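Engineer: Mind looking over this structure? Questions follow.
The values are calculated or read from the model by the stated rules, or taken from the named source; none is laboratory data. Bear in mind that the values here come from a model prediction, so they are computed numbers and not experimental data. No Cβ is skipped: glycine too gets one built from the backbone with ideal geometry, and neighbour counts run over all protein chains shown. Just so you know, the surface numbers come from the protein's heavy atoms only, side chains and all, with ligands and any DNA or RNA stripped out. Shrake-Rupley method; radii C 1.70, N 1.55, O 1.52, S 1.80 Å.
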Amino acid sequence: TLFRSAPPGETTLHPGSMAQLADIRRVLISDSLDPCTRHILQAQGIEVHEKQNLSPEQLIAQIQDYDGLIVRSATKVTADVLAAATRLKVVGRAGTGVDNVDVETATRKGIIVMNTPSGNSISAAELTCGMILCLSRQIPQSAASMKAGKWDRKKFMGAELYGKTLGILGLGRIGKEVALRMQSFNMKTIGYDPIIPPEVTAAFGVQQIGRA
């Protein structure tokens with residue numbers, strides 16, 4: 001197959017796929033992406049068109065003119081879309097999951113399906129840490145109280161994170177990054193993951209609980 005899962009940070013491609021990617025000349029971006037995506041592709045001499053909110057019928061009508069398609073989660077790359085994509089060589093998913101891409105049909109047609117599993121890991125981890133701080137220090141409630149003209153300092157004392165225990169369910173890329181950041185607050189990190197071995201999580205300071 002042209003698409004298969006890979007360990008974090010690695011890319012796996014069928015032999016000859018890199019040569020296939022080198023033939024890409026026109027790419028359609030059908031969902032909202034950061035402008036740097038377009039700039040990176042254009043710097044490689046690739047013609048880029050951005051067309052958002054295409055209906056399935058519009059996408060089917062236009063995809064035949066492109067070698068590559070980049071999507072997020074809104075665009076559904078169905079078997080009908082792939083059937084019409086006579087030039088298509090690669091579908092790039094800006095995100096982790098590829099549930100909106102018919103990978104089986106793409107593979108049969110020799111179309112590479114690629115994703116970016118670690119693309120937003122740091123952002124998600126930082127957001128999670130921010131939410132932990134908000135919960136501990138009651139920041140949203142105290143901000144709302146102050147906006148209402150009150151000064152309830154004693155009501156919103158909150159609690160220190162220092163010395164507390166943080167439980168993390170899922171110790172993949174994001175769980176690991178959350179653990180490393182919260183350890184800087186001198187929190188003890190424990191967790192559970194049905195796939196990642198305890199010795200691996202122990203290497204980044206997380207003791208697994210509930211593993212047989």
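Engineer: Connecting C-alpha atoms closer than 10 Å in a GNM of the chain, tell me which of Val27, Val103, Val200 has the biggest fluctuation.
Structural biologist: Largest GNM mean-square fluctuation: Val200.
Engineer: Identify all lysines with a Cα-Cα distance to Lys155 below 28 Å; exclude those on the same chain that are fewer than 8 residues away in sequence.
Structural biologist: Counting by Cα, and skipping residues close in sequence, Lys155 has these lysines nearby: Lys147, Lys164, Lys188.
Engineer: Follow-up. Go through the stretch 112-119 residue by residue and turn each phi into a ³J(HN,Hα) via Karplus (6.51, -1.76, 1.60, θ = phi - 60°); whole Hz please, and just put x for glycine and proline.
Structural biologist: After applying 6.51 cos²θ - 1.76 cosθ + 1.60, I find 6, 10, 10, 10, 10, x, 9, x Hz.
Engineer: Restricting to DSSP loop positions (anything but H, G, I, E, B) with no more than 12 other Cβ atoms inside 10 Å of their own Cβ, which trypsin sites (Lys or Arg not before Pro) remain in the stretch 142-171? Could you put the intermediate results ahead of the total?
Structural biologist: Working: sites: Lys147, Lys150, Arg153, Lys154, Lys155, Lys164; in loops: Lys150, Arg153, Lys154, Lys155, Lys164.
Within the stretch 142-171, the qualifying trypsin sites (Lys or Arg not before Pro) (loop, at most 12 other Cβ atoms within 10 Å) are Lys150, Arg153, Lys154, Lys155.
Engineer: Give the angle, between 0 and 90 degrees and rounded to the nearest 10, that separates the Cα long axis of helix 121-137 from the longest principal axis of the Cα atoms of the chain.
Structural biologist: It is inclined by approximately 20 degrees.
Engineer: Now for a separate question. Counting only Cα atoms, I'd like the Rg/Rh figure for the chain, Kirkwood definition for Rh.
Structural biologist: For the chain, the value is 1.11.
Engineer: What are the ³J(HN,Hα) values, in whole Hz, obtained from phi via the Karplus relation 6.51 cos²θ - 1.76 cosθ + 1.60 with θ = phi - 60°, for each residue of the stretch 46-52 in sequence order, with x given for Gly and Pro?
Structural biologist: Result, ordered by residue: 8, 7, 10, 10, 10, 9, 8 Hz.
Engineer: To continue, here is another question. Kindly sort Thr116, Thr75 by accessible area of their heavy atoms, largest first, with the probe set to 1.4 Å.
Structural biologist: Values: Thr116 65, Thr75 15 Å².
From most exposed to least exposed: Thr116, Thr75.
Engineer: For all pairs of alpha-carbon atoms in the stretch 35-115, what percent lies in each bin of width 10 Å, listed from the first bin to the last filled one?
Structural biologist: In order of increasing distance, the bins hold 18, 55, 26, 0 percent.
Engineer: Using a 1.4 angstrom probe on the protein heavy atoms only, could you order Tyr66, Tyr162, Tyr192 from most to least accessible area?
Structural biologist: Listed by decreasing accessible area, they come as Tyr162, Tyr192, Tyr66.
Engineer: While we're on this one: Give me the accessible area per residue for the stretch 160-212, probe 1.4 Å, as a whole number in Å².
Structural biologist: With the other protein chains kept in place, the stretch 160-212 gives 60 Å² per residue.
Engineer: Can you give the longest stretch of the chain with no exposed loop site, where a site means GluC sites (Glu not before Pro) in a DSSP loop (not H, G, I, E or B) with at most 14 other C-beta atoms within 10 Å?
Structural biologist: With GluC sites (Glu not before Pro) excluded where exposed in loops, the chain gives 11-159 as its longest stretch.
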